[in-house]
Amino acid sequence: MEYRQASADFDRFILDARDIAGLQTTNQAYTMVQAVLYTFRRRLEISDALLFANVLPPVLRAIFVADWDLEEPTVPFSGRLTMTREVQAFRGDHNASPDTAIADVATALRRNVDETMLNRVLARLPAGAVDFWRA
């Protein structure tokens, strides 16, 4: 059933992300979401990233693992401001992510996944994962 509803579930999520962030279009929201997911992914070992991916709905899961350079070294979690700048640097001129991008995506994600399951997985991930997804 999860795959039959994938498009509708993603549409609901991306509209939430757009509205929470105060963006004009779902294209802007998509870039913001992709940047936030990639910024988080860069901080995880593959096994931890796959644990996280398993709590995501199908389309978000696909975005999370797309274009993954498995040779890229992980980077440590850093302050919210530093990670937000990383989000905003993704795709440069095509990125309208606000300073609240990580929290905005976290809020939209929490509205659209099983929060208990998400929190359980985040607690198993490296220090910094829980704070990253704090809305």
Report task. With a 1.4 Å probe and every protein chain left in place, tell me how much accessible area Ile14 has, in Å² to the nearest 10. Result -> 10
Query - Dipole of the stretch 1-98 [Lys/Arg +1, Asp/Glu -1 at C-beta], most positive-end residue of Thr39, Gln88, Ala53 - result: Gln88
Report summary line: Any DSSP H helix in the chain with Cα axial reach of 20 Å or more and mean Kyte-Doolittle score of at least 0.0? Listed by number, the hits are 6-21, 26-41
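Roughly how many percent of the accessible protein surface of the chain is carbon and sulfur, given a 1.4 Å probe and a whole-percent answer?
Numbers: 3660 of 7170 Å².
The nonpolar share, carbon plus sulfur, comes to 51 percent.
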Query raised in the report: Long-range amide H contacts for Arg43: which residues qualify at under 5 Å (H placed 1.01 Å from N, peptide plane, sequence gap of 5 or more or a different chain)?
Result: Val75
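State in Å² the accessible area per residue of the chain; use a 1.4 Å probe, count heavy atoms of protein chains only, and round to the nearest integer. Please report the intermediate quantities before stating the final value.
Values: 7170 Å² over 135 residues.
Accessible area per residue, the chain: 53 Å².
Can you give the local net charge around Ala35? Use residues other than it whose beta-carbon is closer than 10 angstrom to its beta-carbon, Lys and Arg +1, Asp and Glu -1.
Working: positive: Arg91; negative: Glu86.
Around Ala35, the surrounding residues sum to 0.
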Query - Segment Leu15-Thr100, extension gain: residue separation times 0.36 nm, minus the distance between their alpha carbons - result: 29.0 nm
**Report entry** Cα-centred dipole magnitude for the stretch 11-135, charges only on beta-carbon of K, R (+1) and D, E (-1), debye, nearest 20
**Finding:** 280
Query raised in the report: Tell me, what is a quarter of the convex hull surface for the C-alpha atoms of the chain, in nm² with one decimal?
Result: 7.6
Report summary line: Expected unfolding gain across Met117-Asp131 under the 0.36 nm per residue rule, minus the alpha-carbon gap, is 3.4 nm
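How large is the translational diffusion coefficient of the stretch 29-71 in µm² per second when you combine the Kirkwood radius over alpha carbon pairs with Stokes-Einstein at 25 °C and 0.890 mPa s?
Working: Rh = 10.4 Å.
Roughly 236 µm²/s, to the nearest whole number.
The values are calculated or read from the model by the stated rules, or taken from the named source; none is laboratory data. Everything quoted here is computed from the prediction, not taken from an experiment. Backbone-built Cβ (ideal geometry, glycine too); neighbour counts: all protein chains shown. Note: accessible area is taken over every heavy atom of the protein model, side chains too, but ligands, DNA and RNA are not part of it. Shrake-Rupley method; radii C 1.70, N 1.55, O 1.52, S 1.80 Å.
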